[in-house]
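Below: one structure, written as structure tokens.
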Amino acid sequence: REGDVRESCSVHFQTVDGTARAGRHYTHAAGKLTFAQNQTRTEIKVRVQDPHGDCVRQERTFFIVLSGTQPDGTQLGRKQQCAVSIFNDEEGLPDKLRAEWSRLRFPE
């Protein structure tokens, strides 16, 4: 997050299918991220799974969507979703992720 980080805040998130499918390529995740005072980063853990080897043959993508900030003065940044790509550049199970994160903006 960026801007005035003196207060705690939270934002809801959920995963959304793209070419990667929940239950087949990754495990669906949803919840609320809470930032403590002066905390600027946090993480979301999403379990990658690929028992059929789809991600070895072709890169797959899912999204993490942000919504519903608290307190009310907190604003989401321009980008309110993150594209996450599951890929493997070698034989075997997918072991690499690439993600472009959105930013949360907080009033100064």
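Rule-based calculations on the coordinates, nothing more; no lab input. The structure presented is a predicted model; accordingly, all values stated were derived computationally and were not measured.
Per-residue 3J(HN,Hα) values for the stretch 77-84, derived from phi via the Karplus relation 6.51 cos²θ - 1.76 cosθ + 1.60 with θ = phi - 60°, read x, 4, 8, 10, 8, 10, 8, 10 Hz in sequence order (x marks Gly and Pro).
In plain terms, the chain from VAL65 to LYS45 could stretch by 5.8 nm, reckoned as 0.36 nm per residue minus the Cα-Cα distance.
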